[in-house]
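A short write-up of the structure that comes next.
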Amino acid sequence: MDLISIILPYYKKKKFIDQTIKSILSQSYKKFELIIIYDDSDKTDLFFLKKLIKNNSKIKIVINKNNKGAGRSRNIGLSMSKGSYICFIDADDIWTKNKLRIQINFMKKNKLPISCTSYKVINEQNKIISHRKSYKSLNYSTLLKDCNIGLSTVMLDSSILKNKLNFPNLKTKEDFVLWLKISKTTNIAGISQFLSYWRDTKNSLSKNIVQKIFDGYRVYRIHMDMSIAKSIYFLVFLCMKHLIKKLN
């Protein structure tokens, strides 16, 4: 069995982290390591977190001296990972029991370097409020207009991150940049099964519309090196797609 490295940044998610970790530890695919990057300058939750994992040999906690943000924290996790495959999960999201097993088997069978899955959106009370169906395949051109990939659904072959490919320093949309860069060289395969739950919380950074628009522009203008006009063109498409998903 191949080792899967799971990378989880933690920042003020005490209310939900127990469910998240339980969903990881209950996976039917057992050969994994969980790297938690504690990214809160306030160390109040650290004792709670250590008590929660109970010295589990599969879990390693890395403590940031100061808050670095989710993207940079994931990069720290990537630098420490030992797995042939890598997964990401946010500290308030949940996986179904067979998520890892189904996904790694799918990737091996089809010789894929990266995949994502469909996922359901839940609120703070675990009620399903929406769902996101994964495309069968995403290429660079399609992805530019619609980031339909849930970070907690992604699994990739670790070799795809060679040449220092990682998350940029953005408050939001940092994962979008990475998926775009990867999609320049390979399509991102989608699994139709709903294998993850993404939590929509009131105080989530992803709720900050102004920040998301600003970062969305930076994705195209800075990280994709597009002109101002082209950046605005794709940003409008991205915002429209986001609005349609919200209305649905």
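The values are calculated or read from the model by the stated rules, or taken from the named source; none is laboratory data. Please read these numbers as outputs of a predicted model, since none were measured by experiment. Backbone-built Cβ (ideal geometry, glycine too); neighbour counts: all protein chains shown.
A few remarks follow.
- Residue tally, condition farther than 18 Å from residue 20 by Cα, of a type in the set (S, T, N, Q) and assigned to a helix (DSSP H, G or I), over the range 116-163: 4
- Residue check for residue 245: under 26 Å from residue 11 (Cβ atoms), surrounded by fewer than 16 Cβ atoms within 10 Å (Cβ to Cβ) and touching a strand residue (DSSP E or B) at 6+ places or on another chain (Cβ under 8 Å): yes
- Scoring residue 228 on the criteria (1) modelled with pLDDT of 95 or more; (2) crowded, with 20+ Cβ neighbours inside 10 Å; (3) among the hydrophobic types (A, V, I, L, M, F, W, C) leaves a single failure, condition (2).
- Some residue of the range 68-85 being under 20 Å from residue 192 (Cα atoms) and touching a Leu at 6+ places or on another chain (Cβ under 6 Å): no
- Matching strands (runs of 3 or more DSSP E) fully within the range 1-99 where at least 3 residues are basic (Lys, Arg) and out of contact with any Asp or Glu (no Cβ under 7 Å at 6 or more places or on another chain): none
- Applying the condition of being in contact with a helix residue (DSSP H, G or I) (Cβ under 8 Å, 6 or more places away or on another chain) and of a type in the set (Lys, Arg) to the range 49-73 and asking which residue is surrounded by the fewest Cβ atoms within 10 Å (Cβ to Cβ) yields 58.
- Options 217, 197, 233: the member that is within 17 Å of residue 118 (Cβ to Cβ) and either in contact with a strand residue (DSSP E or B) (Cβ under 7 Å, 6 or more places away or on another chain) or free of Cβ contacts under 8 Å to residues at least 24 places away in the same chain (or both): 197
- In the range 113-141, the residue that is farthest from residue 180 (Cα to Cα) out of those that are within 18 Å of the chain's Cα centre (by Cα) and among the aliphatic types (A, V, I, L, M) is 122.
- Count of the range 66-83 residues which are touching a residue at least 24 places away in the same chain (Cβ under 8 Å) and within 20 Å of residue 179 (Cβ to Cβ): 12
- Check on residue 176, crowded, with 19+ Cβ neighbours inside 10 Å and closer than 21 Å to residue 72 by Cβ: yes
- Check on residue 161, touching a helix residue (DSSP H, G or I) at 6+ places or on another chain (Cβ under 9 Å), surrounded by fewer than 22 Cβ atoms within 10 Å (Cβ to Cβ) and not charged (D, E, K, R): yes
- Of 12, 60, 31, all but one fail to be touching a residue at least 24 places away in the same chain (Cβ under 8 Å), in contact with a Leu (Cβ under 6 Å, 6 or more places away or on another chain) and among the basic types (Lys, Arg); the exception is 31.
- Residue within the range 84-104 that is exposed (fewer than 13 other Cβ atoms within 10 Å of the Cβ) and either in contact (Cβ under 8 Å) with a residue 60 or more places away in the chain or out of contact with any Cys (no Cβ under 9 Å at 6 or more places or on another chain) (or both) present: no
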